[in-house]
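K.L.:
First the structure, which I've put down as structure tokens, then a few questions once you've had a look.
The values are calculated or read from the model by the stated rules, or taken from the named source; none is laboratory data. Quantities reported herein were computed from a predicted structural model and do not represent experimental measurements. Here the Cβ is made from the backbone with ideal geometry for all residues, glycine too, and neighbour counts use every protein chain on show.
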Amino acid sequence: MWWNRILEDAPQFFTYYNAIFVLQAMGTTLALTIVGCGIGFFFGFLIAGIRSTHSRLLLPLRLLVTLYVEIFRRIPFLVILFIVMFGVQAISRGISLFVIALISICLVSTAFMSEIIRAGMESVPKAQREAAEAMNFGFWRTLLSVILPQAWKVILPPGFAFMVMFIKDTALASQMGVVELTFTGKMFVGRGFSPFLVYGVVLAGYFVMSYPLSRLGAYLEKRLATSRSRESLERVWTGPGSVQREPVGEQG
């Protein structure tokens with residue numbers, strides 16, 4: 001039976017060098033995710049900023065980045081991996097598969113992150129932008145000083161959710177030979193170890209990587225939601241036309 005096979009293979013599988021190999025593969029998976037999504041966040045912010053402008057001179061650029069976002073949000077990640085691989089190798093064959101996979105992740109994460117950031121920017125009331133314009137704030141000053149300090153509370157939770165999702169999607173990089181966690185599972189199965197044992201360890205590895213990030217995202221979302229509620233209450237009590245609270249001790 002399959003559990004007898006697991007018991008037989010476990011002593012040979014759980015060795016020091018195998019553990020190091022699996023941990024290195026987990027490190028590769030995390031590096032692809034964190035670096036790729038980090039770069040994607042940076043360029044996504046630039047794209048979201050460009051798409052938020054209203055200058056006629058930037059219209060061609062806005063159309064170009066909009067086309068980029070719409071295309072790369074709709075192409076399967078595996079297809080992008082192979083397109084980038086063949087495109088890069090046509091230019092230079094000395095580039096590693098890790099770099100090719102990282103470029104692919106950056107292309108996809110930039111498109112998705114730009115939409116997350118743009119949605120966060122649009123959540124800021126229009127009156128805030130108009131007030132900044134009335135104070136002669138330029139576009140980028142308005143963006144950095146007025147919009148982003150309020151928008152990041154909306155941007156951060158889905159940004160974390162996207163990163164957690166991409167930890168799992170990096171498994172597709174194994175199809176092109178990147179030695180990440182899923183690829184190590186294929187290697188161990190090819191060496192004759194029980195698939196139940198091997199992919200059970202792979203499953204545990206993905207859980208160990210993704211669960212802390214998902215909990216951190218949930219914690220930040222809860223904290224930010226509390227902060228937004230508190231700010232809303234403060235606006236109700238102290239804003240124009242607000243209901244003023246009576247000081248304690250003066251209620252009669």
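K.L.:
Pick from region 99-121 the residues that are touching a residue at least 60 places away in the same chain (Cβ under 8 Å) and either of a type in the set (Val, Ile, Thr) or out of contact with any helix residue (DSSP H, G or I) (no Cβ under 7 Å at 6 or more places or on another chain) (or both): which of them is nearest to ILE83 (Cα to Cα)?
P.N.:
Across region 99-121, the extreme among qualifying residues is ILE100.
K.L.:
Let me ask something additional. Restrict the check to region 123-139 and report whether at least one residue is part of a helix (DSSP H, G or I), in contact (Cβ under 8 Å) with a residue 40 or more places away in the chain and crowded, with 20+ Cβ neighbours inside 10 Å.
P.N.:
no
K.L.:
Shifting gears a bit: I'm checking my understanding of the structure. Among residues of region 12-34 that are within 14 Å of ASP169 (Cα to Cα) and among the aliphatic types (A, V, I, L, M), which one is surrounded by the most Cβ atoms within 10 Å (Cβ to Cβ)?
P.N.:
Filtering region 12-34 down to residues within 14 Å of ASP169 (Cα to Cα) leaves 26, 28-34.
So of that shortlist, the ones also among the aliphatic types (A, V, I, L, M) come out as 26, 30-32, 34.
On the way: MET26: 19, LEU30: 17, ALA31: 14, LEU32: 23, ILE34: 14.
Step by step, filter region 12-34, then rank; the result is LEU32.
K.L.:
When you scan region 159-212, how many residues do you find that are more than 23 Å from the chain's Cα centre (by Cα) and either over 20 Å from PHE21 (Cβ atoms) or assigned to a helix (DSSP H, G or I) (or both)?
P.N.:
Selection size over region 159-212: 14.
K.L.:
A follow-up question, please. Could you list, in sequence order, all residues of region 98-122 that are among the charged types (D, E, K, R) and surrounded by 16 or more Cβ atoms within 10 Å (Cβ to Cβ)?
P.N.:
Just the residues of region 98-122 that are among the charged types (D, E, K, R), to begin with: 115, 118, 122.
Once the filter is applied, which keeps residues that are among the charged types (D, E, K, R) and surrounded by 16 or more Cβ atoms within 10 Å (Cβ to Cβ), region 98-122 yields GLU115, ARG118.
Conditions (1) part of a helix (DSSP H, G or I); (2) under 16 Å from CYS37 (Cβ atoms); (3) among the aliphatic types (A, V, I, L, M), marked per residue:
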{"site": "LEU63", "(1), (2), (3)": "yes, no, yes"}
{"site": "PHE86", "(1), (2), (3)": "yes, no, no"}
{"site": "ILE95", "(1), (2), (3)": "no, no, yes"}
{"site": "ILE100", "(1), (2), (3)": "yes, no, yes"}
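K.L.:
Also, quick follow-up: If you check every pair at least six apart or on different chains, which have Cβ atoms under 6 Å apart with a residue in region 202-220 that is surrounded by 13 or more Cβ atoms within 10 Å (Cβ to Cβ) first and a residue that is of a type outside the set (A, V, I, L, M, F, W, C) second?
P.N.:
Cβ pairs passing all conditions: VAL202/GLY185; GLY217/PRO157.
K.L.:
Within region 227-249, is there a residue that is within 23 Å of the chain's Cα centre (by Cα), β-branched (Val, Ile, Thr) and either at pLDDT 85 or above or farther than 30 Å from ASP9 by Cβ (or both)? Break it down stepwise before answering.
P.N.:
Residues of region 227-249 that are within 23 Å of the chain's Cα centre (by Cα), as a first pass: 227-228.
Imposing the further condition that a residue be β-branched (Val, Ile, Thr) reduces the set to none.
No, the conditions are met nowhere in region 227-249.
K.L.:
Among the listed residues ARG93, ARG74, identify the single one that is under 19 Å from PHE166 (Cα atoms) and loosely packed, with under 11 Cβ neighbours inside 10 Å.
P.N.:
Sole residue among the options that is under 19 Å from PHE166 (Cα atoms) and loosely packed, with under 11 Cβ neighbours inside 10 Å: ARG74.
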